[in-house]
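Below: one structure, written as structure tokens.
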Amino acid sequence: MPKHSLRRTAIALATLASLYGGIVHADDNTPAAPAAVADATASNSRDKAKDMDAISVVATGETRQVQKITSEDIQALTPGSSPLRALDKLPGVNFQSADPWGTYEWSTQITLHGFDQSRLGFTLDNIPLGNMSYGTTTGLQVTRAISSDNISSVELAQGAGALGTPSNTNLGGTIQFFSADPDAVAGARINQVLGSDSTTRTFVRLDTGDLHGFSAYVSYDHASTDKWKGYGDQRSDQVNLKSVYQWEGGSVSLFYNESRRKEYDYMDLSLASQKALGWNWDYLQPDWNTAVQIANAYNGKGSYPAVLSPLPAGYDLVDSTYYAGGGIRRDSLAGLSGNFSLSDHATLNLGTYYHDNRGEGQWATPYVASSPTVPLAMRTTDYGLDRYGGTGSLVFALGNNDIEVGFWAENAKTNQERNYFYLTGAYDYLSNFYENEEPFLRGFFQHYNTNTRMAYAQDTIHLMDDRLTVNFGAKALDVTNTADSLVVSSALAEGRIRASDGFLPQVGASYKLDANQEVYGSYSKNLAAYGFLPFTQSQASFDASKGSLQPEQSQTFELGYRVHGDSFEASADAYYTRFTNRLLAVSPCSAVQTCAAIINNVGSVKSTGMDLAVIWRPVDHLRWLNTVSYNNSKYQDDYLNNGVVATDGKYVVGIPSWMFTSDLSYSYGAWRATIDGKYTGRRYITYLNDSQVPSYWLFDAGVNYDLGSLSVLKGLSLGLNVTNLFNKRYFATTGTNGYVASDPLGWNQTLMAGAPRQVFFSVNAKF
């Protein structure tokens with residue numbers, strides 16, 4: 001069944017506990033007001049990021065692989081693009097989306113070093129964003145948390161993020177987003193975009209400037225575009241507010257975000273359906289009659305329409321397309337943070353955040369009838385999230401030791417329900433929530449509570465006149481998930497399950513060979529919370545399996561080398577990761593037996609690989625980034641699922657073994673131009689590796705001309721961006737509806753087509 005099982009949306013404000021961080025960014029031509037700091041580690045990372053002009057592959061002194069991008073790299077993309085698209089240029093990163101901005105959430109997907117998105121950690125100014133997965137129950141996508149124009153930098157740590165990162169899913173690494181501080185000088189900016197498929201986007205921001213230590217901005221972002229195929233559009237509205245007050249002994253920062261989003265879905269494809277029906281095959285809306293004919297045929301009333309005849313014999317025609325699908329989301333996110341200087345050698349960082357989400361996924365299902373004459377119904381998945389939490393850290397120096405102790409605490413309450421509503425005919429269903437209507441059928445109604453507690457301590461020692469840096473520490477993580485059913489005879493389980501480990505160590509060292517070169521190595525152990533997966537089985541299966549389940553864990557080793565000179569910087573690293581207790585829904589008996597599906601540990605994954613990145617500036621104004629990534633991630637065990645599934649030695653699904661990127665940027669006078677290309681290797685889409693999507697190259701290009709000051713304008717620039725420059729047709733996202741053990745005929749509808757070539761023109765004005 002398709003994705004539309006999960007969808008939600010949100011509204012939020014602030015209260016309680018302590019977490020959240022300041023934010024950074026200022027107009028390129030004006031000095032920034034000092035940033036408020038949420039966490040000392042985040043503060044240090046942000047300071048490094050602010051010193052860079054653009055992408056950096058060298059993070060001097062870090063004991064693990066850390067790379068960064070800045071607002072300049074995000075601004076080179078089509079305005080409104082997800083910052084994850086800029087990260088896609090870095091080694092080891094594979095980001096996919098069915099739209100040119102990377103904002104259509106059902107299709108957005110990022111993998112790092114063999115780990116999928118569900119096993120990564122994400123933060124915004126130290127506010128946890130969960131794993132940013134589509135149906136996440138303890139977070140949200142970064143594009144709904146902040147407008148991309150207000151992001152100053154992004155830090156990527158593959159394998160292991162900073163020890164104090166507030167995440168309970170970061171088995172494979174962390175991505176930290178930092179927002180922009182208010183400008184020191186009062187002003188306004190407007191960015192207007194027009195482009196393919198009736199795209200319009202307007203971004204407006206007003207800054208107060210520095211008012212005796214206080215500064216603030218408020219921004220509004222409205223975006224609208226038609227889908228590049230099929231019926232419907234994607235719309236979003238977003239407001240950001242940031243204020244900072246700073247004094248000699250510290251600073252306090254408040255951030256608030258309000259987001260509204262509505263998305264018509266793109267149809268999931270299979271290898272077979274794309275071959276038979278083409279890249280532009282999509283939902284049927286507004287063709288109601290064909291949708292009714294398919295539903296009737298499924299129920300044995302008449303034949304399937306001729307439009308489906310190219311599909312191979314035996315193909316599941318009822319699932320080849322649907323009438324309509326989409327999602328509505330509402331989010332509010334707020335955070336209050338501060339850093340306080342206790343002495344010349346000690347700093348206290350505190351923060352608090354609150355996130356409220358309300359949403360609904362809508363799908364016109366042919367499996368449930370509204371009446372004898374209307375063989376379809378509207379199935380919705382409704383969910384609500386209220387979470388609050390906080391962090392704190394104390395950082396102090398003792399001789400050559402930089403010591404940090406801290407905590408993170410969060411409570412998240414989530415409701416999820418499946419409802420069915422009557423349909424009467426063809427009209428635009430994706431317009432409003434069904435929250436004020438009474439369903440004629442309810443599939444489930446679950447209430448979940450997730451409590452996370454984390455404490456950590458670490459010491460960083462500087463030796464040999466700062467040539468050698470050694471850090472070591474550990475965290476304790478405890479996550480309890482509780483589920484209660486709010487309806488009688490629910491198909492989903494109730495109960496309680498806990499993931500806990502009192503000692504998760506992290507050790508690293510960095511040694512400077514000379515002023516330009518260093519080597520580093522690290523080891524880390526991490527644990528992931530169970531989430532709601534154990535409760536998706538029946539009560540009997542949950543009761544039978546929970547005693548034997550162990551939480552997913554990873555252990556990662558890294559070795560690397562960095563070098564930088566006047567005209568270049570480069571990094572190379574090798575890694576080994578052991579991922580254990582992989583969780584999967586299985587039926588642990590033979591196909592001829594009657595065995596209920598359960599969530600089970602199905603073995604481990606071993607990942608080895610290497611990354612190489614080089615930035616070369618051979619002449620003034622020219623920057624050339626090239627990266628090579630190799631990843632070998634394989635399952636280490638067979639498992640039972642209606643018989644033996646022989647996955648031992650098979651490649652992990654959705655992960656390319658080889659990737660290459662090349663990004664060339666040139667600026668001269670008022671002109672700036674970029675062209676970048678990326679090769680993504682083949683990706684397997686079955687656990688037995690008997691089906692795969694092919695490799696491909698993809699190119700983007702952009703040019704910008706700065707007209708400078710004109711009359712009342714402090715600055716005016718014009719931009720042109722072309723995505724998918726050579727109009728490549730390719731499969732972008734894989735696994736949108738999950739993966740299966742075997743699919744040699746390519747019938748599993750779990751793929752998203754990438755967007756064709758699109759062109760966007762932008763005007764950016766500053767007052």
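The values are calculated or read from the model by the stated rules, or taken from the named source; none is laboratory data. Worth saying up front: this structure is predicted, and the values here are computed from it rather than measured. As a convention, Cβ positions derive from the backbone with ideal geometry for all residues, glycine included, and neighbour counts pool all protein chains shown.
Being charged (D, E, K, R) and surrounded by fewer than 20 Cβ atoms within 10 Å (Cβ to Cβ) is the filter; apply it to segment 387-417 and report the residue that is farthest from the chain's Cα centre (by Cα). Steps first, please.
Keep residues of segment 387-417 that are charged (D, E, K, R), which gives 387, 402, 404, 410, 413, 417.
With surrounded by fewer than 20 Cβ atoms within 10 Å (Cβ to Cβ) added as a condition, the list becomes 402, 413, 417.
Working: ASP402: 32, LYS413: 21, GLU417: 24 Å.
Filtering segment 387-417 for residues that are charged (D, E, K, R) and surrounded by fewer than 20 Cβ atoms within 10 Å (Cβ to Cβ), the one farthest from the chain's Cα centre (by Cα) comes out as ASP402.
Give me the strands (runs of 3 or more DSSP E) completely within segment 79-137, filtered to those with at least 1 residues that are of a type outside the set (Lys, Arg) and within 25 Å of VAL614 (Cβ to Cβ), ordered by residue number.
93-96, 109-112
Can you go through ASP620, ASP638, ASP690 and tell me which one is among the acidic types (Asp, Glu), surrounded by fewer than 17 Cβ atoms within 10 Å (Cβ to Cβ) and within 29 Å of ILE69 (Cβ to Cβ)?
ASP620
In this structure, is TYR666 of a type in the set (Phe, Trp, Tyr) and more than 26 Å from GLN158 (Cβ to Cβ)?
It is true that TYR666 is of a type in the set (Phe, Trp, Tyr) and more than 26 Å from GLN158 (Cβ to Cβ).
Return a yes/no flag: does segment 236-248 have any residue that is under 30 Å from ASN339 (Cα atoms), of a type in the set (A, V, I, L, M), in contact (Cβ under 8 Å) with a residue 24 or more places away in the chain and crowded, with 18+ Cβ neighbours inside 10 Å.
Scanning segment 236-248 turns up at least one residue that is under 30 Å from ASN339 (Cα atoms), of a type in the set (A, V, I, L, M), in contact (Cβ under 8 Å) with a residue 24 or more places away in the chain and crowded, with 18+ Cβ neighbours inside 10 Å.
Table: residues versus (1) of a type outside the set (S, T, N, Q); (2) assigned to a strand (DSSP E or B); (3) outside the structural domain of GLN293 (by the TED database).
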position: GLY338; (1), (2), (3): yes, yes, no
position: SER341; (1), (2), (3): no, yes, no
position: GLY359; (1), (2), (3): yes, yes, no
position: TYR367; (1), (2), (3): yes, no, no
position: SER370; (1), (2), (3): no, no, no
position: VAL374; (1), (2), (3): yes, no, no
position: ARG387; (1), (2), (3): yes, yes, no
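Tally the residues that are touching an Asp or Glu at 6+ places or on another chain (Cβ under 8 Å) and at pLDDT below 95, restricting the search to segment 604-622.
Residues in segment 604-622 being touching an Asp or Glu at 6+ places or on another chain (Cβ under 8 Å) and at pLDDT below 95: 0 in total.
Looking at SER273, SER259, SER253, which one is assigned by the TED database to the domain that holds ASP319, buried (at least 24 other Cβ atoms within 10 Å of the Cβ), outside any strand (DSSP E or B) and not hydrophobic (A, V, I, L, M, F, W, C)?
Working: SER259 fails: outside any strand (DSSP E or B); SER253 fails: outside any strand (DSSP E or B).
So the residue among SER273, SER259, SER253 that is assigned by the TED database to the domain that holds ASP319, buried (at least 24 other Cβ atoms within 10 Å of the Cβ), outside any strand (DSSP E or B) and not hydrophobic (A, V, I, L, M, F, W, C) is SER273.
Return the pairs, sorted by first residue and then second, in which the second residue is among the basic types (Lys, Arg), the first residue lies in segment 315-344 and is touching a residue at least 12 places away in the same chain (Cβ under 8 Å), the beta carbons are less than 6 Å apart, and the residues are 6+ apart or on different chains.
GLY327/ARG7; ILE328/LYS262; ARG329/ARG261; ARG330/ARG260; ARG330/ARG358; ASP331/ARG144
Is there a residue in segment 239-248 that is part of a loop (DSSP other than H, G, I, E, B) and either modelled with pLDDT of 95 or more or assigned by the TED database to the domain that holds ASN357 (or both)?
Yes.
How many residues does segment 211-238 contain that are over 30 Å from ALA755 (Cβ atoms) and not in a strand (DSSP E or B)?
2
Among the residues of segment 735-748, which ones are small (Gly, Ala, Ser) and either assigned to a strand (DSSP E or B) or buried (at least 16 other Cβ atoms within 10 Å of the Cβ) (or both)?
Scanning segment 735-748 gives GLY735, ALA741, GLY746.
Determine the pairs where a residue that is within 11 Å of MET752 (Cα to Cα), located within segment 717-740, has a partner that is among the polar types (S, T, N, Q) and not in a loop (DSSP other than H, G, I, E, B) with Cβ atoms under 8 Å apart, the partner being 6 or more residues away or on another chain.
Short answer, once both residue conditions are applied: PHE731/GLN274; ALA732/GLN96; THR733/GLN96; THR733/GLN109; THR734/GLN96; THR734/GLN109; GLY735/GLN109.
Only one of GLN96, GLN65, GLN75 is out of contact with any Asp or Glu (no Cβ under 7 Å at 6 or more places or on another chain) and modelled with pLDDT under 95. Can you tell me which? Can you show your working first?
Numbers: GLN96 fails: modelled with pLDDT under 95; GLN65 fails: out of contact with any Asp or Glu (no Cβ under 7 Å at 6 or more places or on another chain).
Residue meeting the stated conditions: GLN75.
For the structure I just gave you, tell me whether SER500 is surrounded by fewer than 14 Cβ atoms within 10 Å (Cβ to Cβ) and not charged (D, E, K, R).
Here the answer is yes, as SER500 does meet what is asked.
Is it the case that PHE761 is under 20 Å from THR78 (Cβ atoms) and more than 21 Å from the chain's Cα centre (by Cα)?
yes
Pairs under 7 Å by beta carbon, first residue over 30 Å from GLY384 (Cα atoms) in segment 446-471, partner surrounded by 21 or more Cβ atoms within 10 Å (Cβ to Cβ) and acidic (Asp, Glu), six or more apart or different chains?
GLN458/GLU404
Would you check which residues across segment 707-734 are surrounded by fewer than 18 Cβ atoms within 10 Å (Cβ to Cβ) and more than 21 Å from THR200 (Cα to Cα) and list them?
Correct list: LEU707, GLY708, SER709, LEU710, SER711, VAL712, LEU713, LYS714, PHE726, ASN727, LYS728, ARG729.
Among the numbered criteria (1) surrounded by fewer than 17 Cβ atoms within 10 Å (Cβ to Cβ); (2) among the basic types (Lys, Arg); (3) closer than 24 Å to ASN357 by Cβ, which single criterion is violated by ARG467?
(3)
Return the pair list, or none, for Cβ contacts closer than 6 Å from residues in segment 117-129 that are within 16 Å of LEU163 (Cβ to Cβ) to residues that are part of a helix (DSSP H, G or I), at least 6 apart or on different chains.
Close Cβ pairs satisfying both conditions: ASN126/ALA42.
Return the residue satisfying two criteria in turn: it lies in segment 302-343 and is hydrophobic (A, V, I, L, M, F, W, C) and over 30 Å from ALA276 (Cα atoms), and of such residues it is surrounded by the most Cβ atoms within 10 Å (Cβ to Cβ).
Ranking the candidates gives LEU333 first.
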